[in-house]
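The values are calculated or read from the model by the stated rules, or taken from the named source; none is laboratory data. What you see is a predicted model; the values in this text were computed from it and never measured. So basically every Cβ, Gly included, is an ideal-geometry build from the backbone, and we count neighbours across all protein chains shown.
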């Protein structure tokens, strides 16, 4: 799928994974606690597009992103996030071989 937006420089366009209301062990986390960093300081996101200065991340990668990172924008009815590399990116999440 071609991304509907081309980031500039050292930015990437990602789609965050949906909010998961439970933690391991079955503890239910209310929506109002969603922005509380102690529950999950990072979120998973799929990379849709990368700027010309980004080297180690490519479209299709899954990354760990700071929860409050980037600028949210709506494109084609989807909520996407424009984040800065490396400041707001925690790391790549490798898939199992």
Conditions (1) within 26 Å of residue 9 (Cα to Cα); (2) at pLDDT below 90: number failed by residue 36: (1)
Residue list for the stretch 58-97, restricted to those being surrounded by 14 or more Cβ atoms within 10 Å (Cβ to Cβ), touching a residue at least 40 places away in the same chain (Cβ under 8 Å) and outside any strand (DSSP E or B): 59, 70, 85
Odd one out for residue 55 among (1) part of a loop (DSSP other than H, G, I, E, B); (2) closer than 17 Å to residue 17 by Cβ; (3) modelled with pLDDT of 90 or more: (2)
